[in-house]
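One structure is given below, encoded as structure tokens.
The values are calculated or read from the model by the stated rules, or taken from the named source; none is laboratory data. Here the structure is a predicted model, which means the values were calculated and not measured. Don't worry about glycine lacking a Cβ; one is built from the backbone with ideal geometry, like all the others, and counts go over all protein chains shown.
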Amino acid sequence: MSRRHFWIEQLLQDTRYAVRTLRRNWGFAAVVIATLGIVIGMNTAVFSIVDTVLFRPLPYPASSRLVWIAQYRDAEHDDWASRADFMVWKRQAQSFEAMAAFANHDLALVVSGISSQETVASTGGDFWDITGVKPYLGRLYTREESHAVVLSYDLFERRFGGNPDVVGKAATLNGYEVTVIGVLPKGFSYLFPELVYSGDVRREIAAYIPLPQSIETPGDEIRESPSSGPAPPWISAVGKLRPGVSIEQANAEMQIINSNIAKQYPTPIRHPLLHVAYLRDKISGNARAALLVLLAAVGFVLLIAVVNVANLLLARANTRQREIAIRASLGAGRTRVIRQFLAESVLLSSLGGGAGLVLAHWALYVIARFWPQAVPRLAEVGLNPSVLLFTLAVSTATGLFFGFAPAVTLWRDDLQAALKDTTQNLFQGAFGIQIRSLLVCVQIALAIVLLTGAGLLVKSFWRLSNHASSLSPESILTLRLSLSGTQYSGWPARQFYLHTMLDRLQSVPGAQAAGLDTYTLHTKVRVKGVETRSQQESFASIRAVSAGYLRAMGVSLVSGRWPSDREMMYGDVLVNETFVRGLTRDKDIVGKEVNGSFVIGRVVGVVADFRGSQLDAETQPEMYASYELAPLTKSMSVHAFVRMSGDHRPNGSAIQQLVSGIDPTQPVYNVETLEEALSESISPRRFNLFLLGTFAISALLMALIGIYGVIAYSVAQRTHEIGIRMALGADRRRIVCMVVCEGMRTAIIGISIGLLVSFGLTRLMTSLLYDVKSDDPTTFASVALLLAASAFLASVWPATRAAFVNPLIALRHE
């Protein structure tokens, strides 16, 4: 017991001595704490995001048993299923204790004569049981209920001012009468994947309505009462596994059920394959690879910072040799002296960890504000206990790691020799320089890895920007609306509205072209008299558009001609270059007859590939047909585009008022330039680029500081040698070359190691790149040259100082 008290007393003494020592050297301490605070803050922020997205359970009961169920064509297209199929799944599947259907769609909400467009989720099955949510006000609707709406807390405050009397209030959704029966609590999170249609964006769910009761079979069209309420064309499904049932068992059972449905009720748009995956994995999606890469990258930055601090402590330990020797001569053992070094380093890392927590809190706030859609579940990110424990562990490990380097050199040294002027001190100085040079090599190698990754992302982003610039998106204004209500239940009223809207958009001062995009159908397409490459490649997307849509988008005509709206009504269509390359062996298909779904017509032109909604999406075979021939759903979603001339800036508010004036009950929303819309579509890529770029720049700066520090320290240690060389006739140019070559030798070794490591690690970034290979030679060469040039500049200043050393002073240098 007394030994334990003695050990604690010594630890307190070491800590108090460390505080006094650092207070006397407050400049050194401030630099180390600031460096550690920045890198530990970076690590804490990234770990907090990774922990929330990849590891934290979803906020639903028994969330580890929740799975995603969907038909799919490939791994990237598994977002939907038919409502009829879902009913069969729920009735026959035995692997699930609960199963729910849901879908989101934009609906016009009218309350007290004021309309707004809201994203509404239609839910059915066991949705409320799976989420486990309890209402804040009122109640939740039942499976058999209709014409009811439950508000999110945000909509409750935004449209109803937080008035509890809203329960029982009447409203209309797309012309259907509904009654507000409840309000969800403020903390409820809708984390289910949303259906995002062509040209759409993800938005928060504002309200919830029941899926309409319908009479349907998997092989027939859905038949439902005209008064059943708004219904989405497709749904998503989620199930809760029974205890003890594995996802493999559930997947096998669902495959059998789905195959039986496909055999009994064959349809051209049903895919016989089924995808069953854990819901948490589905939500994280592509973010998993990106977050793991960022976590590794920020870990590299931490290692570089630790190496830098270790170099600082090595230099400082060299200046404290006499102090340590005196303490040793007075009875302090070598272990006690080493423990003193570790106490100082852990104290520095702890203070750095505290600063890092403050920085991480601020960084997470900024990320959530500027990139709210970049990462799933970003709103849940915060400094929870697991994050605090991570920061504590990182701070402690960091302190022990960078405190270990001077401790090792101290263990090797003869402390008594530090009291004498012997040649052994010169040897110890050379050994210290070798250790520091080795650490700088590690820094440079890690910096090369980060710079290469950032360079690949920069090149990917540049390629994406080039695709966008070809459309001149800053001159294109976009807006959306959904024609709904009983007054637009028939085509003549819709046609009149759309014709009026097009006339108004084309009459806007400075408008060069205006067009509509209303519907996209993925189906099989055949070109008469042309051999397709394979059955699998006969799928294409039929876009229902107006004749002016492609010209409003600024798409170039490759061959053929532009059709008029009247010609498109009679079946003239356009196709893109991917359609020609992917579906046919014949490059000249202008004049050929095509058929697919609602299209039976003739190809009159081929247009260039373009991306008008998702900038980083792969181009697909597309056909452009008249929107007036497309099959219509109850609510017709319309995406309008107006191209303005160069001397007229798009005026969103004026155009919104112009369109709203046609019918004030039909809200116009998402009024923005195409540049803004495309920018939002690659928000995750911009987020990855910003973080990895920040890490890479930080790594580069710290590596350059390390090179400069080693060279400057080496020059200081070799002042006597430099004086002898100059006295024997060495000119300044030779001295500069000697010092610079020493720095470049270290840099080249680090660059070589870094390039080899990068060649292997960048392969893990393939999913984050666009139109760039992970071993892109241009990027590798550019990064190597950048770091070599930076290392050269970092070596020049201490080399110049060495060249201007006075030989007489240098010869007397100790």
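Just to verify a result, which residue in region 735-746, among those that are buried (at least 16 other Cβ atoms within 10 Å of the Cβ) and out of contact with any Phe, Trp or Tyr (no Cβ under 8 Å at 6 or more places or on another chain), is farthest from residue 460 (Cα to Cα)?
Ranking the candidates gives 735 first.
Can you find a residue in region 541-560 that is of a type in the set (Ser, Thr, Tyr) and crowded, with 22+ Cβ neighbours inside 10 Å? Yes, some residue in region 541-560 is of a type in the set (Ser, Thr, Tyr) and crowded, with 22+ Cβ neighbours inside 10 Å.
Within the bounds of region 150-160, is there any residue that is part of a loop (DSSP other than H, G, I, E, B) and closer than 29 Å to residue 671 by Cα? Yes; the residues of region 150-160 include at least one that is part of a loop (DSSP other than H, G, I, E, B) and closer than 29 Å to residue 671 by Cα.
Residues in region 339-357 that are hydrophobic (A, V, I, L, M, F, W, C) and farther than 23 Å from residue 49 by Cβ: 341, 342, 343, 346, 347, 348, 351.
Looking only at region 632-639, decide whether some residue is in contact (Cβ under 8 Å) with a residue 12 or more places away in the chain, over 23 Å from residue 175 (Cβ atoms) and crowded, with 21+ Cβ neighbours inside 10 Å.
no
Check region 510-518 and report whether any residue there is surrounded by fewer than 19 Cβ atoms within 10 Å (Cβ to Cβ) and either over 30 Å from residue 592 (Cβ atoms) or free of Cβ contacts under 8 Å to residues at least 12 places away in the same chain (or both). Checking region 510-518: at least one residue is surrounded by fewer than 19 Cβ atoms within 10 Å (Cβ to Cβ) and either over 30 Å from residue 592 (Cβ atoms) or free of Cβ contacts under 8 Å to residues at least 12 places away in the same chain (or both). Name the pairs: first residue in region 491-503 and without any contact (Cβ under 8 Å) to a residue 40 or more places away in the chain, second residue part of a helix (DSSP H, G or I) and surrounded by 12 or more Cβ atoms within 10 Å (Cβ to Cβ), Cβ to Cβ under 9 Å, at least 6 apart or on different chains? These pairs meet every condition: 493/487. Restricting attention to region 477-492, does a residue exist that is touching a helix residue (DSSP H, G or I) at 6+ places or on another chain (Cβ under 7 Å), more than 27 Å from residue 111 (Cβ to Cβ), assigned to a helix (DSSP H, G or I) and not aliphatic (A, V, I, L, M)? Within region 477-492, none of the residues are touching a helix residue (DSSP H, G or I) at 6+ places or on another chain (Cβ under 7 Å), more than 27 Å from residue 111 (Cβ to Cβ), assigned to a helix (DSSP H, G or I) and not aliphatic (A, V, I, L, M). None of 32, 46 is at pLDDT below 85 and of a type in the set (Val, Ile, Thr) except 32. Of all the criteria given as (1) crowded, with 21+ Cβ neighbours inside 10 Å; (2) touching a strand residue (DSSP E or B) at 6+ places or on another chain (Cβ under 6 Å), the one not satisfied by residue 475 is (1). Looking across region 521-538 at every residue that is crowded, with 18+ Cβ neighbours inside 10 Å and not in a helix (DSSP H, G or I), the one that is modelled with the lowest pLDDT is identified as 521. Residue under question is residue 425, and the condition is that it be modelled with pLDDT under 75, under 27 Å from residue 611 (Cα atoms) and out of contact with any strand residue (DSSP E or B) (no Cβ under 7 Å at 6 or more places or on another chain); does it hold? Criteria not met by residue 425. Would you confirm whether any residue within region 719-728 is at pLDDT 85 or above, over 24 Å from residue 440 (Cβ atoms) and not in a helix (DSSP H, G or I)? No, region 719-728 has no match at all. On the basis of being of a type outside the set (D, E, K, R) and out of contact with any helix residue (DSSP H, G or I) (no Cβ under 6 Å at 6 or more places or on another chain), does residue 767 make the cut? Taking the combined requirement at face value, the residue does not satisfy it.
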